[in-house]
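Novice: The structure under discussion is supplied below as C-alpha cells; questions concerning it will follow.
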Amino acid sequence: MNTARQPDPSAARAPAQAAAPAPAPRGAAFLLAQIGAHAAGRFAARVTTLGLTPADVGLLRMVAVQPGRSQRALAEDLGVVPSRVVALIDVLEEKRLVERRRSAEDRRNYELHLTAEGRQALGAVSRAAAAHEDDLLAALDPGGRAQLLELLERVAAQQELTPGVHPGYRTLAKPAAKRKD
C-alpha cells in the first residue's frame, strides 16, 4: 500500500480562481477610444498607399477649404506654434501638393494654395475616406449612421473641440531632418 500523500487537486485550483481576469473595460469613453484608434490606424494605412500621412491629409483639406490662408492663421487654427506649421508645409511643398505665394497685402506672409497635384491627391483622399467610412460603419443602416454622426457632433461641441481639426497636430513628431551628405 502506498502511503505517500497525493497533492490535493482543489489546492491547485485555488490560485487560478484567485487570479481571475480583470473585467474588460466598458463604457462609451473606452469604446470611443478603441474605435478611434482602430479607425485612425486603418485610415493611415489607406492614405499611405497614396503617399500621404493623416497629417498631410488634414493640412491639404484645411488649405483647400480656405485657399490663401497664411501659415500663421493655419497654426492658430491647429493650436500649434507657427514654426511647426512651416515644417509640415515644407513636406507638402516637397511633394508638390501645396505652394506658398507671397501675400500681396503683406509681403512678410505667405499664402497657402493647393497645386494641381494637391487637388488630385485630395480627390483620391476623398474617395479613400468614403470607402473607409463605409467599411467602418458597415454595421449601421443610413439612419443609424446619421444618428451616430449627430450624437458625436453634440459631444464634440460640448467638449469645445475645433470642428475639422484633429487634436493630434499638437503631438505630432517633428519631421525627420534631411541629411546633407
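The values are calculated or read from the model by the stated rules, or taken from the named source; none is laboratory data. As the structure is a computational prediction, the values presented were derived from the model and not from experiment. Because the Cβ atoms are built from the backbone with ideal geometry, glycine has one as well, and the counts that use them run over all protein chains shown. The protein model used for the area step is the full one, side chains on, heavy atoms only, and it has no ligands, DNA or RNA in it. Shrake-Rupley method; radii C 1.70, N 1.55, O 1.52, S 1.80 Å.
Novice: So is residue 121 more than 22 Å from residue 28 (Cβ to Cβ), among the hydrophobic types (A, V, I, L, M, F, W, C), modelled with pLDDT of 95 or more and touching a helix residue (DSSP H, G or I) at 6+ places or on another chain (Cβ under 7 Å) or not?
Specialist: Yes.
Novice: Based on what the data block shows, is residue 103 surrounded by fewer than 16 Cβ atoms within 10 Å (Cβ to Cβ), hydroxyl-bearing (Ser, Thr, Tyr) and within 13 Å of residue 71 (Cα to Cα)?
Specialist: yes
Novice: Give segment 31-59 a look and list any residue that's open to solvent by 80 Å² or more (accessible area, probe 1.4 Å) and part of a helix (DSSP H, G or I), or say none.
Specialist: Within segment 31-59, 31, 32, 34, 35, 38, 42, 48 qualify.
Novice: A follow-up question, please. Just checking, does segment 9-19 include any residue being surrounded by 13 or more Cβ atoms within 10 Å (Cβ to Cβ) and either at pLDDT 90 or above or among the hydrophobic types (A, V, I, L, M, F, W, C) (or both)?
Specialist: no
Novice: Does segment 60-78 hold any residues that are in a helix (DSSP H, G or I) and out of contact with any strand residue (DSSP E or B) (no Cβ under 8 Å at 6 or more places or on another chain), and which are they?
Specialist: 61, 62, 65, 72, 73, 75, 76, 77, 78 - these are the residues of segment 60-78 that are in a helix (DSSP H, G or I) and out of contact with any strand residue (DSSP E or B) (no Cβ under 8 Å at 6 or more places or on another chain).
Novice: Continuing with the same structure: Applying the selection to segment 106-121, what residues are touching a strand residue (DSSP E or B) at 6+ places or on another chain (Cβ under 6 Å) and either surrounded by fewer than 19 Cβ atoms within 10 Å (Cβ to Cβ) or more than 16 Å from residue 58 (Cβ to Cβ) (or both)?
Specialist: Those that are touching a strand residue (DSSP E or B) at 6+ places or on another chain (Cβ under 6 Å) and either surrounded by fewer than 19 Cβ atoms within 10 Å (Cβ to Cβ) or more than 16 Å from residue 58 (Cβ to Cβ) (or both): 109, 110, 111, 113, 115.
Novice: What number of residues within segment 52-77 are over 23 Å from residue 42 (Cβ atoms), of a type in the set (A, V, I, L, M) and in contact (Cβ under 8 Å) with a residue 60 or more places away in the chain?
Specialist: Total satisfying the criteria: 1.
Novice: Got a sec? Which of 136, 152 is under 16 Å from residue 40 (Cβ atoms) and surrounded by 14 or more Cβ atoms within 10 Å (Cβ to Cβ)?
Specialist: 136 is the lone residue from the list that is under 16 Å from residue 40 (Cβ atoms) and surrounded by 14 or more Cβ atoms within 10 Å (Cβ to Cβ).
Novice: Condition first: within 16 Å of the chain's Cα centre (by Cα) and without any contact (Cβ under 8 Å) to a residue 60 or more places away in the chain. Now tell me which residues in segment 153-164 satisfy that.
Specialist: If the condition is that a residue be within 16 Å of the chain's Cα centre (by Cα) and without any contact (Cβ under 8 Å) to a residue 60 or more places away in the chain, then 156, 161, 163 are the ones that fit.
Novice: Take the conditions out of contact with any helix residue (DSSP H, G or I) (no Cβ under 7 Å at 6 or more places or on another chain), at pLDDT below 85 and surrounded by 11 or more Cβ atoms within 10 Å (Cβ to Cβ) and apply them to residue 170. Does it pass?
Specialist: In short, yes.
Novice: Okay, next question. Quick check on residue 163: is it under 19 Å from residue 62 (Cβ atoms), open to solvent by 100 Å² or more (accessible area, probe 1.4 Å), at pLDDT below 95 and out of contact with any Cys (no Cβ under 6 Å at 6 or more places or on another chain)?
Specialist: yes
Novice: Could you check how many residues of segment 79-100 are open to solvent by 30 Å² or more (accessible area, probe 1.4 Å), among the aliphatic types (A, V, I, L, M) and part of a strand (DSSP E or B)?
Specialist: Residues in segment 79-100 being open to solvent by 30 Å² or more (accessible area, probe 1.4 Å), among the aliphatic types (A, V, I, L, M) and part of a strand (DSSP E or B): 0 in total.
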